[in-house]
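Report on the following structure.
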Amino acid sequence: MTKKPTAKKSVKEKTASKYKYNNVLVEQRKDGITFLILNRPEKRNAMSPELHHEMDDALERLAVDSNTKVLILTGAGKAFCAGQDLKTYFRGLSNDPVARSRAAAASESWRSYRLIGFPKPTIAMVNGFVFGGGLTPIVSCDVAIASHTAKFGISEINWGHIPGGLVGWNVNQVMSFRDAMWYSISGDTFNGKEAAAMKFVNFSVSHAKLKSETLKIARKLLKKNPWAIRYTKEAIRSVRDMNMEQAADYLRCKSDALQRVDKEQGRQEGMRQFLDEKSFRPGVGTYNRKK
Ligand code: ACO
């Protein structure tokens with residue numbers, strides 16, 4: 001009997017995952033790139049208490065999952081994240097202080113501590129609407145890329161609230177004081193192109209190219225020495241609030257620590273390939289990690 005030609009592998013087969021949640025989708029690709037997707041498209045990925053608990057759990061597990069080497073955070077459907085779920089997070093928990101306190105802890109944990117402390121590179125892929133508390137995880141990611149047409153807003157003022165949680169602090173981390181103030185008091189929206197111009201995100205691309213351009217960034221980061229990239233991202237964040245002497249001391253210690261943890265001894269290998277072998281130039285490329 002002649003065999004039927006096998007169909008092209010579907011994206012699903014390439015992205016099978018053992019992680020199962022109700023509000024979050026985890027797609028682990030074979031190349032080590034993992035998509036972590038806020039998955040309440042019908043509610044524009046507004047963050048319910050359950051979503052917070054699931055995101056907290058997923059990030060805790062993916063941080064130590066050797067199949068995840070670069071993480072891409074995005075939203076299903078036409079939104080990245082419409083902020084806190086005003087119905088289930090605010091109104092729904094207003095008479096349940098214990099559940100409210102637990103949801104608030106999970107909310108801060110995943111959007112700030114777990115994402116900032118994630119030991120591998122993180123990329124926010126902003127595909128659509130993002131408001132209020134939805135901005136926080138973007139700021140916590142190492143890199144951010146947006147569709148030109150994504151719509152951002154610090155919208156709290158529009159419903160008589162302040163950019164609480166950590167939003168007021170977050171926007172000041174990456175926006176100029178003028179932009180942070182203006183968008184916070186006006187509630188005006190800005191698009192992906194404008195977000196890139198004001199450096200709220202690194203890059204803005206056409207919506208059609210958003211995924212492929214994000215994957216290009218992920219693949220670039222995948223090529224780097226994973227211990228060096230972890231220590232670099234930690235160092236770049238940490239030194240922001242230090243004075244020069246503290247930063248010099250911290251960076252010296254961090255640099256020494258890297259030599260101890262780096263299983264492929266990249267510094268020595270990089271120098272060997274450049275100085276002895278003359279097989280690459282560190283100014284314009286990465287050493288060959290397979291040698
Ligand atoms: N909280 C609760 N439900 C929400 C939220 C939210 N933040 N955002 C969207 N939804 C729900 C809507 O109530 C609606 O539910 P329903 O179908 O049961 O009626 C569904 O998601 C779809 O929303 P629409 O408004 O119909 O979708 P549309 O595409 O027209 O608009 C938009 C999308 C612009 C995001 C709009 O939903 C919106 O303004 N949402 C609120 C954004 C916001 O300001 N969030 C709070 C930020 S402040 C903070 O996070 C603390």
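Residue-level check: of (1) closer than 16 Å to residue 37 by Cα; (2) away from the ligand (no atom under 11 Å from the Cβ); (3) open to solvent by 20 Å² or more (accessible area, probe 1.4 Å); (4) of a type outside the set (A, V, I, L, M), residue 110 misses just (3).
Working carefully through the options 248, 218, 257, 196, find the one that is in contact (Cβ under 8 Å) with a residue 60 or more places away in the chain and either open to solvent by less than 70 Å² (accessible area, probe 1.4 Å) or within 16 Å of the ligand (Cβ to nearest atom) (or both).
Every option except 218 fails the conditions.
All of 221, 258 fail the test of being among the hydrophobic types (A, V, I, L, M, F, W, C), at pLDDT 95 or above and closer than 30 Å to residue 151 by Cα, apart from 221. When each of 205, 171, 167, 201 is tested for being more than 21 Å from residue 112 (Cα to Cα), surrounded by 15 or more Cβ atoms within 10 Å (Cβ to Cβ) and among the aliphatic types (A, V, I, L, M), the lone residue that passes is 205. Within the range 62-83, being polar (S, T, N, Q) and within 16 Å of the ligand (Cβ to nearest atom) holds for one residue alone: 74. Listed by first and then second residue, the pairs with beta-carbon distance under 9 Å, at least 6 apart or on different chains, first residue in the range 149-176 and closer than 22 Å to residue 207 by Cβ and near the ligand (Cβ under 9 Å from one of its atoms), second open to solvent by 60 Å² or more (accessible area, probe 1.4 Å) and at pLDDT 95 or above, are 151/129; 151/189; 153/129; 153/188; 153/189; 155/161; 155/189. Within the range 124-164, being aliphatic (A, V, I, L, M) and surrounded by fewer than 24 Cβ atoms within 10 Å (Cβ to Cβ) holds for 139, 143, 157, 162.
The residues listed here are 25, 59; of these, the one that is away from the ligand (no atom under 16 Å from the Cβ), open to solvent by 30 Å² or more (accessible area, probe 1.4 Å), among the aliphatic types (A, V, I, L, M) and touching a residue at least 40 places away in the same chain (Cβ under 8 Å) is 25.
Of the listed requirements (1) closer than 20 Å to residue 183 by Cβ; (2) open to solvent by 10 Å² or more (accessible area, probe 1.4 Å); (3) within 16 Å of the ligand (Cβ to nearest atom); (4) not hydrophobic (A, V, I, L, M, F, W, C), residue 42 misses just one: (1).
Applying the criterion of being hydrophobic (A, V, I, L, M, F, W, C) and buried (at least 24 other Cβ atoms within 10 Å of the Cβ) to the residues of the range 73-102, the residue that is nearest to residue 55 (Cα to Cα) is 73. Note on the range 221-245: among residues that are of a type in the set (S, T, N, Q) and under 29 Å from residue 291 (Cα atoms), the one that is surrounded by the most Cβ atoms within 10 Å (Cβ to Cβ) is 225. Looking at the structure I just gave you, is residue 185 open to solvent by 50 Å² or more (accessible area, probe 1.4 Å), touching a helix residue (DSSP H, G or I) at 6+ places or on another chain (Cβ under 7 Å), more than 21 Å from residue 62 (Cβ to Cβ) and among the hydrophobic types (A, V, I, L, M, F, W, C)? So residue 185 fits the description; yes.
The values are calculated or read from the model by the stated rules, or taken from the named source; none is laboratory data. Predicted model only: the values in this text are computed from it and were never measured. Note: ideal-geometry Cβ built from the backbone for every residue, glycine included; neighbour counts use all protein chains shown. Surface areas here come from the heavy atoms of the whole protein model, side chains and all, with no ligands, DNA or RNA. Shrake-Rupley method; radii C 1.70, N 1.55, O 1.52, S 1.80 Å.
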